[in-house]
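First the structure, in the form of structure tokens, and then the observations on it.
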Amino acid sequence: MITWNFLRTIMAIISSLLLSFVGAGVSAQEKEFVIKGQIPGMKDGIHVSLLTAETVSSEVIVETTVKNGCFELRGRVESPMLCTLITNNLALVSDLDETERIRWTYTPVFVDNVEMTVETVHYDSIPFSDPITPCFKIIGGEVQADFNAYNLSIVKDKDSKEKQWEFILSHPHSVVSAYLGNIMMRGGYELTREEVEKLEQTIVSIPADPVRFKEFKQNCEYAKQTVKDNVIVNLALNDVNGKACDLSGVIPLGKYVLVDFWATWCGPCMAAIPHVKKLVERFPDTFTVIGISCDTNLKAWKVAIEKEKATWPQYVLTKEGYKDFLTKYQTSGVPYFLILNEEGKVICNPGYIEDVEREIERLCK
């Protein structure tokens, strides 16, 4: 016999299950980002797009056009991602209208699958490329809130490294901390062993972005091999005659050494050669250079060496050596400079040829 209490229990269970299914459906639907803007002075027809900023080449995620003074971008990211929100008024500019000038904006924004809003007093208040100003910001989600907090803490470029450390130490589980940590380790030979270990011991989990955390842990392992005062990480090479060798075996000892990673297709690399030549001529007793090319066109490589009179020892990376150069040195390409001491240990990783000149001047004088 079915009682009323039994029926009420069954109905309660069914109701609970239905609510669970509805909740799961809503949750699934909410797992996308929405970026909205209703900005005074933003004319209809302005183009708005969101591009990836952490990939080698930027890709458009979503784009739209302003209508009725508003725009809305919808999409989904697999995990929190630094992107660039771009606007331009190209479609509104006419050769006949001299009062309308072309305007672009490029705003860094950390996109997560949440609702986000662009806040500013006027379209003209959107900065050219700053992520946040007193009159402009993008809000929505914990990751973007952390990104805003970090960028507000930076007053000048020169204190950015100090602010990176401050933020990481105070936000050990933040996606932005892992992002900053990866930047610190990028390029190789920028950090001391103590700094790499400090990063690893501070950032022990990123619940909101396990993919980025896995990358961070891998970068820590690479960075331990490319810390200051370490010997150079070995790479597979060929000499100008095609004979196989390796980087560790061709480093001369007893002098300061510039290891110049370059390529014939790299304009800044070619422009640096005359500067390197002058340093070699100026400090022949205390300084030397070895060139490591990323070229695959060996004929062009040999012609460039002869034409530029780059008479110091020259080598070319093998296919595997080039892959290891990009991954183990955590760099995106050339030019790339390393300065080694007389014992063959890395002193520093100068960013530009002007930095190389200053450092060699300091060491050899």
Fill in: Residues being out of contact with any strand residue (DSSP E or B) (no Cβ under 9 Å at 6 or more places or on another chain) and among the charged types (D, E, K, R) - total across region 102-125
1
Worksheet item: Among (1) outside any loop (DSSP other than H, G, I, E, B); (2) over 21 Å from the mean Cα position of the chain (by Cα), where does ARG101 come up short?
Response: (1)
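Can you go through PHE110, PHE136, PHE128 and tell me which one is under 20 Å from LEU180 (Cβ atoms) and either more than 19 Å from the chain's Cα centre (by Cα) or not polar (S, T, N, Q) (or both)? Don't jump to the end; show me each part of the working.
On the way: PHE136 fails: under 20 Å from LEU180 (Cβ atoms); PHE128 fails: under 20 Å from LEU180 (Cβ atoms).
None of the others qualify; the one that does is PHE110.
Give the residues of region 203-224 that are of a type outside the set (Lys, Arg) and open to solvent by less than 30 Å² (accessible area, probe 1.4 Å), sorted by residue number. So that I can check it myself, show each step before the final result.
As a first pass, look at region 203-224 and keep what is of a type outside the set (Lys, Arg): 203-211, 213, 215-216, 218-223.
Answer for region 203-224, where residues must be of a type outside the set (Lys, Arg) and open to solvent by less than 30 Å² (accessible area, probe 1.4 Å): ILE203, ILE206, ASP209, PHE216, ASN219, CYS220, ALA223.
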Discussion item. Taking the condition of being touching a helix residue (DSSP H, G or I) at 6+ places or on another chain (Cβ under 7 Å) and either of a type in the set (Val, Ile, Thr) or buried (at least 19 other Cβ atoms within 10 Å of the Cβ) (or both), how many residues in region 264-286 meet it?
Written reply: 5
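Are there any helices (runs of 4 or more DSSP H) wholly within region 262-365 with 3 or more residues that are among the hydrophobic types (A, V, I, L, M, F, W, C) and in contact (Cβ under 8 Å) with a residue 24 or more places away in the chain, and if so which?
It comes to 267-282, 298-308, 353-364.
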Discussion item. Quick check on GLU194: is it of a type in the set (Asp, Glu) and under 29 Å from LEU258 (Cβ atoms)?
Written reply: yes
Worksheet item: Failed condition for VAL77, given (1) open to solvent by 80 Å² or more (accessible area, probe 1.4 Å); (2) in a loop (DSSP other than H, G, I, E, B), with all others met?
Response: (1)
Item to complete: Tell me, yes or no, whether region 249-259 has at least one residue that is small (Gly, Ala, Ser), open to solvent by less than 50 Å² (accessible area, probe 1.4 Å) and either within 25 Å of the chain's Cα centre (by Cα) or over 18 Å from LEU363 (Cβ atoms) (or both).
Response: no
Discussion item. Name the residue that is modelled with the lowest pLDDT, counting only residues in region 127-184 that are open to solvent by less than 60 Å² (accessible area, probe 1.4 Å) and among the acidic types (Asp, Glu).
Written reply: ASP159
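Being touching a strand residue (DSSP E or B) at 6+ places or on another chain (Cβ under 8 Å) and either at pLDDT below 95 or open to solvent by less than 70 Å² (accessible area, probe 1.4 Å) (or both) is true for just one of LEU82, LEU19. Which residue is that? It would help to see each step written out before you state the result.
Details: LEU19 fails: touching a strand residue (DSSP E or B) at 6+ places or on another chain (Cβ under 8 Å).
Exactly one residue qualifies, and that residue is LEU82.
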Worksheet item: Taking only pairs six or more apart or across chains, which ones have beta-carbon atoms under 8 Å, a first residue in region 228-247 that is open to solvent by 60 Å² or more (accessible area, probe 1.4 Å), and a second residue that is aromatic (Phe, Trp, Tyr) and in a loop (DSSP other than H, G, I, E, B)?
Response: LYS228/TYR189
Worksheet, complete the sentence: In region 325-347, residues that are among the aliphatic types (A, V, I, L, M) and either farther than 25 Å from PHE216 by Cα or open to solvent by 60 Å² or more (accessible area, probe 1.4 Å) (or both) total 2
Item to complete: Could you grab me the full set of residues in region 320-345 that are among the aliphatic types (A, V, I, L, M) and either over 17 Å from GLY291 (Cβ atoms) or under 19 Å from the mean Cα position of the chain (by Cα) (or both)?
Response: LEU326, VAL334
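The values are calculated or read from the model by the stated rules, or taken from the named source; none is laboratory data. None of these values were measured; they are calculated from a predicted model. Here Cβ is always computed from backbone atoms with ideal geometry, including for glycine, and neighbour counts include all displayed protein chains. These area figures cover heavy atoms from the full protein model, side chains too; ligands, DNA and RNA do not enter into them. Shrake-Rupley method; radii C 1.70, N 1.55, O 1.52, S 1.80 Å.
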